[in-house]
Amino acid sequence: MPSPATALIVVDVQNDFCPGGALAVGGGHAVVPVINALVPRYRQVVVTQDWHPKGHASFASAHHGHEPFDTIEMPYGTQVLWPDHCVQGTPGAELHPDLEVTTAQLVIRKGWHQGVDSYSAFREADRETLTGLAGYLRERGVEEVHVVGLATDYCVAWTALDAAGSGFRVTVIEDACRAIDLSGSLKRAWADMAAAGVARTTSDRIV
Ligand code: VGL
Ligand code: ZN
């Protein structure tokens, strides 16, 4: 059983990242039963939602002459352009209907600044704007976080890296995640996480 000082962060388990969704992650829905089994083990559970306004800067449709999965240079760095996804208030932005997170105390919505993406639940892609999550966790005595959800190589990895950078011990529970894997992004994400001291485990070691 994880200690009471360990929080579970459930990242972006939303309809648009599941099969049939606008930015479907292969097998995305398969994380739902795994996460449902994990949630009751944690005293503190935080859920995140990718939550973009219409015409968000991370959408290919907002950039004339660009296709989804192109990359462009933004003032804050390189940005992958995505299909329109997780638009605020749409069914695609809702949490997967079978996800059981009624005990979660906090929902962090991210990516809502029109011109800035936010893969991480801690810090937007400009690397300056904080969401307040680190302060929230610290004030509640959290020392360690376990990260699960979608997608391993984007929002899960960036959240895990920023958690480590904020001084939390971090573990990613692999079988409770699925990846987009765009041009080697999954391999790179695991390497970056390993270099940052992020540990890796599987849900059978916790449940
Ligand atoms: C995500 C791409 C764009 C994610 C969010 O949740 O990993 N990926 N927006
Ligand atoms: Zn997004």
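The values are calculated or read from the model by the stated rules, or taken from the named source; none is laboratory data. Just so we're clear, the structure is a prediction, and the values are computed from it rather than from any experiment. Glycine gets a Cβ as well: all are built from the backbone with ideal geometry, and neighbour counts include every protein chain shown.
Exactly one residue out of GLY165, GLY115, GLY149, GLY135 is of a type outside the set (D, E, K, R) and over 30 Å from ILE72 (Cα atoms): that is GLY135. The residue pairs whose first member lies in region 192-207 and is on the phi > 0 side of the Ramachandran plot, whose second member is of a type outside the set (Ser, Thr, Tyr), and whose beta carbons are closer than 9 Å, counting only pairs six or more residues apart or on different chains, are GLY197/ALA164; GLY197/ARG169; GLY197/VAL170. Which one is farthest from VAL39 (Cα to Cα) among residues in region 93-109 that are touching a Phe, Trp or Tyr at 6+ places or on another chain (Cβ under 9 Å) and within 16 Å of ligand 1 (Cβ to nearest atom)? Of everything passing the filter in region 93-109, ALA93 is farthest from VAL39 (Cα to Cα). The criterion of being free of Cβ contacts under 8 Å to residues at least 24 places away in the same chain, under 24 Å from THR171 (Cβ atoms), in contact with a strand residue (DSSP E or B) (Cβ under 8 Å, 6 or more places away or on another chain) and among the polar types (S, T, N, Q) does not hold for THR103.
The residues in region 1-17 that are away from ligand 2 (no atom under 11 Å from the Cβ) and either among the polar types (S, T, N, Q) or touching a Phe, Trp or Tyr at 6+ places or on another chain (Cβ under 7 Å) (or both) can be counted, and the count is 6.
Do you know which of the residues in region 1-22 that are buried (at least 24 other Cβ atoms within 10 Å of the Cβ) and in a strand (DSSP E or B) is nearest to the chain's Cα centre (by Cα)? Within region 1-22, the match that is nearest to the chain's Cα centre (by Cα) is VAL11.
With respect to the conditions (1) assigned to a strand (DSSP E or B); (2) farther than 27 Å from THR171 by Cβ, ALA57 falls short on a single one, namely (1).
All of THR159, THR202, THR152 fail the test of being among the polar types (S, T, N, Q), modelled with pLDDT of 95 or more, in contact with an Asp or Glu (Cβ under 7 Å, 6 or more places away or on another chain) and within 25 Å of MET1 (Cα to Cα), apart from THR202.
If you check VAL87, VAL39, VAL25 for being among the β-branched types (Val, Ile, Thr), within 14 Å of ligand 1 (Cβ to nearest atom) and over 14 Å from the mean Cα position of the chain (by Cα), only one passes: VAL87. Of the residues making up region 74-89, one or more are loosely packed, with under 14 Cβ neighbours inside 10 Å, of a type outside the set (Phe, Trp, Tyr) and in a strand (DSSP E or B). In region 3-14 there is at least one residue matching the filter, namely being over 16 Å from THR103 (Cα atoms), within 11 Å of ligand 1 (Cβ to nearest atom) and in contact (Cβ under 8 Å) with a residue 12 or more places away in the chain. All conditions in (1) basic (Lys, Arg); (2) surrounded by 19 or more Cβ atoms within 10 Å (Cβ to Cβ); (3) within 14 Å of LEU8 (Cα to Cα) hold for LYS110, with the sole exception of (3).
Considering region 155-171, the residues that are among the small types (Gly, Ala, Ser) and crowded, with 24+ Cβ neighbours inside 10 Å include one that is farthest from ligand 1 (Cβ to nearest atom), namely ALA163. Regarding LEU38, is this residue in a loop (DSSP other than H, G, I, E, B) and touching a residue at least 60 places away in the same chain (Cβ under 8 Å)? No. For region 150-201, filtering for residues that are farther than 27 Å from THR71 by Cα and out of contact with any strand residue (DSSP E or B) (no Cβ under 7 Å at 6 or more places or on another chain) leaves 4.
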